[in-house]
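The values are calculated or read from the model by the stated rules, or taken from the named source; none is laboratory data. Keep in mind that this is a model prediction, so the values were computed, not measured. A quick note on method: Cβ atoms are made from the backbone with ideal geometry, for glycine too, and the neighbour counts reach across all protein chains shown. Ligands, DNA and RNA are excluded from the accessible area calculation, which covers all protein heavy atoms including side chains. Shrake-Rupley method; radii C 1.70, N 1.55, O 1.52, S 1.80 Å.
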Amino acid sequence: MLEINPGVAIWTIITFLILVAILKKVAWKPIIDALTQREDSIRKALEDAQKAKEEAQRLMEENKRNLARAEEEVQRIIREGRETAERIRAEILEKARKEADMMIERAREEIERHREQAMLQLRAQVADLAIEVASKLIGEVLNEQKHRKLVEKYLQEISSEKRA
Amino acid sequence: MWIGNLAFAADTLKHAENSHAGGESSSWMLHHISDSRTIDLEPFGHITLPQFPPIRIGGLEIDLSITKHVFFMWLVSLILIIVLSIVARSYKKQIVPHGLANLIEVFVVFIRDEIVLSVIGKDGLKYLHYFLTLFFFILLCNLFGLIPYGATATGNLAVTGGLAFLSFILIQLAGIRKHGLIGYYKGLVPHGVPAFVAPLMFIVEFLGLFAKAFALTVRLFANMTAGHIVILSLIGLIFIFKSVLVAPVSIAFAVFINLLEILVAFIQAYIFTMLTALFVGLSIHQH
């Protein structure tokens, strides 16, 4: 059992060397090549996927940035629009108020003028009326000239008293 | 092995009867383990293998006759070539492995990544085909001992010695290729050794190279032989006790050992390959 048969050892060496040579040609080379090729393709696929993922990430970031910028722009436009509208409203309001004030002022002046005119007319009529009445009452005692002066004088007093 | 070699029965009974006189009774076991010039196919008879007259080289007489173990080595080689070329062809058709290719690929990838690349490194890929062949050859030789009528070629010192010799040559060649003839043998002496110890260290390290190969030889041989002896002993118990009652126990244990042997077959193929790779790695990375 423990003896070594050199013939068998030589056969072993020959057999094994031939086996290595044959298997290298028919089996190991194709198998290892196929394995390497597959590993490469898997690695490449993974790298591609990674790259695609990064690209997508980048695009998404960009989109998000663009969106944010657009949002900001929109906000700005709305704000500006609102400010402009506010300003225009204020202007219009101001103008309208001024116009109204002006109209009121003018109307008031008109009214004042009319009142003054009416007052003058009234005063003249009243004087006339008073003289007529007085001359009818008193008769022809005093001449018209004197009466008029007298009435004028009283009227003056009355109006000045009223004003005071 | 224990199923196929029904010849034990006859053998063992004969020996058991003879041994009553007090003779040795274990030679029948050796008969089933050791090499022979015939392939037993009991009860169908046996095949006598061709024999050649011994060749004399120098003072050494070498008998190159084909023996049982040589025959089984060739059978293993043939099976490996056929099966692996089928696998290799299947890769040509499609790159996705299926069936047998999956099984082979597991081992191929393991040997490449876990043994060659992790122990030797990128330099080892040059010798990858050697390690792959070594692993599959040893594995199949080991497993052949477990099937009926089979014989374990790796349970022969000449076979394991031959394989270890090739590994030894590979270790030297790998080292010489990397460091040059002188550089490699100079590198055997570790750095920082005092000058007067260096020659001694060189002798020790040089002998160590042979010791490694010797250890490889004996480890594989002993492991493959031991399991068979245990199985045969367990079966032999039935005939020694001459009782059928022993049979269930014996067979249960024998089956257990046989299963263990399957494990050992894989482990030893792995260890032989792994250690060869380790030594190649050591001779390539000397520092």
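Each Lys and Arg adds +1 at its Cβ and each Asp and Glu adds -1 at its Cβ; summed about the Cα centre, region B:68-284 shows a dipole of about 400 debye.
Think of a 1.4 Å ball rolled over the protein heavy atoms: region A:92-160 then has 90 Å² of accessible area per residue.
Of the whole protein surface, B:Phe241 contributes about 130 Å² of accessible area at a 1.4 Å probe radius. Cut-off 10 angstrom, C-alpha nodes, Gaussian network model of chain B. Which of B:Gln268, B:Gln94, B:Gln172 fluctuates the most? Sorting by GNM fluctuation, first place goes to B:Gln94. About its Cα centre, the dipole of the protein assembly as shown is roughly 700 debye, where the only charges are +1 on Lys and Arg Cβ and -1 on Asp and Glu Cβ. Comparing B:Val119, B:Val197, B:Val109 in a Gaussian network model of chain B, where Cα atoms under 10 Å apart are tied by springs, the biggest mean-square fluctuation is seen for B:Val197. Dividing the mean sequence gap of close Cα pairs (under 8 Å, 6+ apart) by how many residues chain B holds gives a relative contact order of 24 percent. Dipole magnitude for region A:47-163: about 660 debye, using +1 per Lys or Arg Cβ and -1 per Asp or Glu Cβ, origin at the Cα centre. Take the accessible area of chain B alone and of chain A alone, subtract that of the pair, and you get about 3600 Å² summed over both chains, using a 1.4 Å probe. With all projection directions averaged, the alpha carbon convex hull of chain A covers 27.7 nm². Between 0 and 90 degrees, the angle of helix B:68-93 with respect to the longest Cα principal axis of chain B falls at about 60 degrees. What a 1.4 Å probe finds exposed on region B:68-284 is 79% carbon and sulfur by accessible area, rounded to a whole percent.
The phi-based Karplus calculation (6.51 cos²θ - 1.76 cosθ + 1.60; θ = phi - 60°) puts the 3J(HN,Hα) values of region B:116-133 at 6, 5, 7, 8, 9, x, 4, 4, x, 4, 5, 9, 4, 5, 5, 5, 4, 4 Hz, whole numbers, x for Gly and Pro.
Roughly how many Å² is the accessible area per residue of region B:68-284, as a whole number, for a 1.4 Å probe?
So region B:68-284 comes to 45 Å² accessible per residue, rounded to a whole number.
For A:Ala127, what is the net charge nearby, where nearby means another residue's Cβ is under 10 Å from its Cβ and Lys, Arg count +1, Asp, Glu -1?
-1
Could you work out, for the protein assembly as shown, what percent of all Cα-Cα pairs fall into each 10 Å distance bin, beginning at 0 Å and stopping at the bin that holds the largest distance? In order of increasing distance, the bins hold 4, 13, 16, 14, 10, 6, 3, 3, 3, 3, 3, 3, 3, 3, 4, 4, 4, 3, 1, 0, 0 percent. Expressed as a whole percent, the accessible area of chain A that falls on carbon and sulfur atoms is 59 (1.4 Å probe).
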